[in-house]
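This report concerns only the one structure given below.
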Amino acid sequence: EPVGPFLVSNTEPQTSNVSTPNIIISEVMVGKTENADYEFVEIWNAENVMLDLTGWAVKKRTSTGSESILVSSKSFEGKAIAPKSHFLIADSAGYSGPIPADLLWPVSYSLAYTKNTVLLIRPDGSVSDSVYWEEIYKDRSYARTSLPNGSFQISDPSPRQ
């Protein structure tokens with residue numbers, strides 16, 4: 001099934017393993033006033049080919065420097081991200097946005113409103129991208145101003161846009 005924007009094609013798109021794929025974090029949401037578990041991390045494929053996400057992972061780092069898995073590499077098994085498209089990863093405990101998530105993380109994992117980092121990890125263990133925030137306000141997200149190289153700013157949540 002296609003990921004991101006709908007692909008008009010009679011054949012299944014082919015995935016490609018680019019040696020060092022350019023996949024970045026495009027937006028982070030850490031909760032709403034009425035639902036602290038309304039969280040998501042959106043990634044974006046800057047390549048012109050479908051990319052296999054098998055082996056990728058997402059980690060979080062707290063203000064004390066402690067790292068933990070947010071989304072394990074096993075969760076990405078068999079997943080792919082379409083060219084120039086978004087892939088939405090969300091908290092299974094509370095994300096109920098208008099755009100369905102492509103992947104959910106476990107109920108017991110969460111992000112913090114202040115001094116947190118999200119790291120996107122390639123299958124070889126290297127960091128593809130990371131984003132740190134001092135504070136993301138409730139009901140707001142932290143999103144790139146443009147893709148692929150825009151800086152992050154507080155904005156209205158806009159999954160897959």
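Of the strands (runs of 3 or more DSSP E) contained entirely in region 80-146, those carrying at least 2 residues that are of a type in the set (Val, Ile, Thr) fall at 114-121, 127-135.
Scanning region 24-54 for residues that are of a type in the set (A, V, I, L, M), assigned to a strand (DSSP E or B) and crowded, with 19+ Cβ neighbours inside 10 Å yields 24, 25, 28, 29, 30, 41, 43, 50, 51.
Being open to solvent by 40 Å² or more (accessible area, probe 1.4 Å) and within 21 Å of residue 52 (Cβ to Cβ), is that true of even one residue in region 84-98? Steps first, answer last, please.
We begin by selecting, within region 84-98, every residue open to solvent by 40 Å² or more (accessible area, probe 1.4 Å); these are 84, 92-93, 96, 98.
Then drop every residue that is not within 21 Å of residue 52 (Cβ to Cβ), which leaves 84.
Checked region 84-98: at least one residue is open to solvent by 40 Å² or more (accessible area, probe 1.4 Å) and within 21 Å of residue 52 (Cβ to Cβ).
The number of residues in region 125-146 that are of a type in the set (Gly, Ala, Ser), exposed (fewer than 14 other Cβ atoms within 10 Å of the Cβ) and over 21 Å from residue 69 (Cα atoms) comes to 1.
Would you be able to say whether some residue in region 55-62 is open to solvent by 40 Å² or more (accessible area, probe 1.4 Å) and touching a Gly at 6+ places or on another chain (Cβ under 8 Å)? No, there is no match, as no residue in region 55-62 is open to solvent by 40 Å² or more (accessible area, probe 1.4 Å) and touching a Gly at 6+ places or on another chain (Cβ under 8 Å).
Take residue 54 and tell me if it is in contact with an Asp or Glu (Cβ under 8 Å, 6 or more places away or on another chain) and either over 16 Å from residue 28 (Cα atoms) or touching a residue at least 12 places away in the same chain (Cβ under 8 Å) (or both). Spell out how you get there, then give the answer.
Working: in contact with an Asp or Glu (Cβ under 8 Å, 6 or more places away or on another chain): yes; either over 16 Å from residue 28 (Cα atoms) or touching a residue at least 12 places away in the same chain (Cβ under 8 Å) (or both): yes.
For residue 54, the condition - in contact with an Asp or Glu (Cβ under 8 Å, 6 or more places away or on another chain) and either over 16 Å from residue 28 (Cα atoms) or touching a residue at least 12 places away in the same chain (Cβ under 8 Å) (or both) - is met.
The values are calculated or read from the model by the stated rules, or taken from the named source; none is laboratory data. None of these values were measured; they are calculated from a predicted model. Because the Cβ atoms are built from the backbone with ideal geometry, glycine has one as well, and the counts that use them run over all protein chains shown. Ligands, DNA and RNA are stripped out before the accessible areas are found, and what is left, the full protein with its side chains, is counted by its heavy atoms. Shrake-Rupley method; radii C 1.70, N 1.55, O 1.52, S 1.80 Å.
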